Amino acid sequence: MSNKVNTILREKQANTYLIVISFLGTVIYLWSIFNMDVEPSLNGIVVFLILIAFLWVTENYPMPVWRGFTSISFPIIYTIFITSGLEAAIVAYSTVILLNNLVKRRPVRIIFFNLSQLALSLLMTNFLTAAIIDALLSFSGSFSRIMIHMVLFTSCFYVINNALVDLLLKLRPQRYTLEAWFNKTISEFRSFLISAAYLSLVLLLGSQNRGSLDILSVFFVFSPLIAAALLMSVIVKIQTEKNRLKSLFSTTTELNRSMLSGDGYDEFHRQISSFVDFESLILWTNEEGEWEKVFTAGEHTVGARLSSDQFNHFTELNGPLMIADRRFTKGPADDCFREYIRSLIYAPLIVENKTVGMMALGRSRSNSFTEEDLSMVATLANQLAIILTTRSLLAEQERSLILEERNRIAREIHDGIAQSLAGAVMKLETATRIRSDQPEYSMELVQDSLTKLRLSLKEIRESIYALRPLATVKNGLKKAIKETCHKIQEEFPITIVFEERGESYPLGTEIEKIIFDIFKESIHNITKHANAKNVQVLLSFQQEHILLKIKDDGIGFSLVDALLLARREPHFGILNMNDSADKIDASLQIDSKKGMGTEVSLSIPKQSLKGGRIDDQRVVGR
C-alpha cells in the first residue's frame, strides 16, 4: 500500500511540475510572439523563414554521432537570436517543436511541456548569460566578447534545458537510473560540442565580413550543416534498416536454437530487447485451451490473473494491437500492468489461424510506440509462434517415440526373455517330478534350463544397457566403436582391427546412432553365430559417402535362410537393420557364403546429412 501511495504522490508532483512549466513557458511564448522584432525588409523576412526551415530540417534529421544521434539545431537558434532577438528565437524554436510534436501525434500535455520548456530555457539562458558577462572584466576587442558570449549562452542553454527535463524525469514514479541520466548527458554533451564548434566557425567567418546577413550568406553558412544532416541521416537510416534485417535473421536463428534446446525465455528477452525498448513484458502460451503466463520482465508487471473472458479476447485478435493510452482505450490484459504503464502492444502468436500465445509490451509514456515498433514486435511474435509450435510438436514426437520404445521393449521381453524363462521353468518343473525315476534326464533338463537362464540374464543386461544414454552421444561414434571392440575382445577370443579413413566431419546424432546400431548388431551376430577369429571394421569418410564395413572370417551363412528366420523371430536382425538404413537413405549390403565369412557394408550418401537431418529431433526437443 505504501508503494501505491508513494506512486500516486510522485505522479501528482510530476503533474504539478508539468503544469507550472507549461504555464510559464506558454506565457513566455505568447509574449514573444507579440514582442519579436524581425527585420521588416523582404531580405529580413526571407532570411528568418529560411532559418526556420533549416531549423525544422535539423530537428527532423538528427546527425549520427558516435553511438547515437544528436540534434544540431542550436547554431541556427543562436543565429536567429543574434540577428532578430531573443523573442524571435523563442518563437522560431518553440513553433518548430510544436509542429513536430503535432505531426508525431504526441499527447497535448507533452506538446505544451516541450514547447514551454524550450521557451523558458532560452529566456533563463539570456538572463544568466547577461549577468555573467556583466560580472566579468571588460575584454579588449568585440570579437572576443562575441565568442565568450556564444560559449556562455550555449553552455547555459544546455545546462538549464537538461536540468528542466531531468527534474521532471526524477519526479515521475518511473525509475530514472543513473545510467539513463549518464547516457542522456553524454548525448547532450556531444550536441553541445558540435554546436559550439560550428558556431565558432560561423563567427570566425562572419568576422571577415561585416555586412548584414543576407539570403546568400545564410545558404553559404548553413547549407553544409543541412546537407550533412540530410545525407548522414539517410545513409544511417539505410544502414540501420540493413543491420536490423541482419540482426533479425540472426535473432530468429538464435531463438530457434535456444528455445528448441530448452534454454528457456532468457534469450528471447535479450533478443527482443535489442529491437524494441519496453518497460514491461508478459508472455502467455496456450496449449489445448489452457492459458499460462510463462514469462515476465520489467518491474511494472504484477501477478494478476486473467479471467476466461479476457483470455477469449486474446483469441479474437487476428493481428497486433497498439494502444496509445490505456486510460482512454482498454486492452484485454490491463489488470496485469501497473497504472502508469500507458502504451501497450498486444501481439498474438498465431499459427494456421490458431492462437498459441500472446505477447504484451508496455511503456510508461503514452503514444510512445511507433508503427515500426509494431511491425518489429509482430515479426518476432510470428517467429516465436512457429518456435513454440515446433517445440510442442517435438515434445509430442518425443512422447510418441518413448511409447513406441516401451512397446518394443515389451514385445522383446514377451517374445524373447519371457518365453525363454517360461521354457526354463517348465523344464525345471519336469526335472523336479522325474528326478527320482530319471535322475540323468532330470539333470540334463536342469543344465539346459541353467543355460537358458544365463542366456536370458545376458539379454536382460543387454536390454538395460540399451536403455542408457546413447554411446555415440556420450563419447562420439569413433570412440563408441573402439570401446565396443575392446569389450568384445575381452569377452570373446576374437581379434578386431578398427580402421578410420578420411577426414571426419559431423554426422548428426540420428545418423551416428544408426551406424553404431548396425555395427553393434553385426558384431553381436559374429560372436553368436559366425565362430570367427578375426574381424575388420572400417569407417571411411569419403567424398560422396560415409562407409561402414564389417568383415569376418567366420563360417558364413545363407542370406535367404537368414531372411526367412528374421521374419519368424521378432529380434533386431537383418530386417530391422534394413529399416534403419532406409531411414537415412543409406544402402545396406550383406555378402556371405557358407564357409567364406561375411561382409556387411553400410553406405550413407552425403546429401542425407542436409535438409535438417543432421540433428536428431529427439535430442533437439529435450
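The values are calculated or read from the model by the stated rules, or taken from the named source; none is laboratory data. Quick caveat, the model's predicted, so the values are computed rather than measured. Using ideal geometry, Cβ is built from the backbone for each residue, glycine included, and neighbour counts are taken over all protein chains shown.
Contact annotation: residue pairs with Cβ atoms under 9 Å, 6 or more positions apart or on different chains, pairing a residue in the range 587-599 that is in contact (Cβ under 8 Å) with a residue 24 or more places away in the chain and under 16 Å from Leu538 (Cα atoms) with a partner that is part of a strand (DSSP E or B) and of a type in the set (A, V, I, L, M), are Leu588/Val600; Leu588/Leu602; Ile590/Val600; Thr598/Ile550; Thr598/Ile590; Glu599/Ile550; Glu599/Ile590.
Conditions (1) among the β-branched types (Val, Ile, Thr); (2) under 21 Å from Val165 (Cα atoms); (3) assigned by TED's automatic domain parsing to the domain that holds Phe112, marked per residue:
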{"site": "Ala14", "(1), (2), (3)": "no, yes, yes"}
{"site": "Ile19", "(1), (2), (3)": "yes, yes, yes"}
{"site": "Ser22", "(1), (2), (3)": "no, yes, yes"}
{"site": "Ile28", "(1), (2), (3)": "yes, yes, yes"}
{"site": "Phe34", "(1), (2), (3)": "no, no, yes"}
{"site": "Ser41", "(1), (2), (3)": "no, no, yes"}
{"site": "Val47", "(1), (2), (3)": "yes, no, yes"}
{"site": "Phe54", "(1), (2), (3)": "no, no, yes"}
{"site": "Glu59", "(1), (2), (3)": "no, yes, yes"}
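Can you confirm whether the range 143-151 contains a residue that is more than 26 Å from Pro224 (Cβ to Cβ), assigned to a helix (DSSP H, G or I) and either modelled with pLDDT under 80 or of a type in the set (A, V, I, L, M) (or both)?
yes
Only residues that are within 16 Å of Thr296 (Cβ to Cβ) and among the small types (Gly, Ala, Ser) were counted across the range 337-392, and they come to 4.
For the range 103-117, state whether one or more residues are more than 47 Å from the chain's Cα centre (by Cα), more than 19 Å from Phe23 (Cα to Cα) and assigned by TED's automatic domain parsing to the domain that holds Phe182. Please lay out each step first, then the result.
Residues of the range 103-117 that are more than 47 Å from the chain's Cα centre (by Cα), as a first pass: none.
Looking through the range 103-117, none of the residues is more than 47 Å from the chain's Cα centre (by Cα), more than 19 Å from Phe23 (Cα to Cα) and assigned by TED's automatic domain parsing to the domain that holds Phe182.
When each of Asn43, Asn15 is tested for being part of a helix (DSSP H, G or I) and modelled with pLDDT of 80 or more, the lone residue that passes is Asn15.
Tally time: how many residues in the range 362-385 are within 20 Å of Arg105 (Cα to Cα) and either of a type in the set (A, V, I, L, M) or modelled with pLDDT of 85 or more (or both)?
Going through the range 362-385, the residues within 20 Å of Arg105 (Cα to Cα) turn out to be 362-375.
From what's left, either of a type in the set (A, V, I, L, M) or modelled with pLDDT of 85 or more (or both): 362-363, 374.
Total meeting the criteria: 3.
For the range 277-287, the condition of being small (Gly, Ala, Ser), at pLDDT below 80 and not in a helix (DSSP H, G or I) holds for none of the residues. Within the range 46-73, track down each residue that is modelled with pLDDT under 85, of a type in the set (Phe, Trp, Tyr) and assigned to a helix (DSSP H, G or I). Once the filter is applied, which keeps residues that are modelled with pLDDT under 85, of a type in the set (Phe, Trp, Tyr) and assigned to a helix (DSSP H, G or I), the range 46-73 yields only Phe48.
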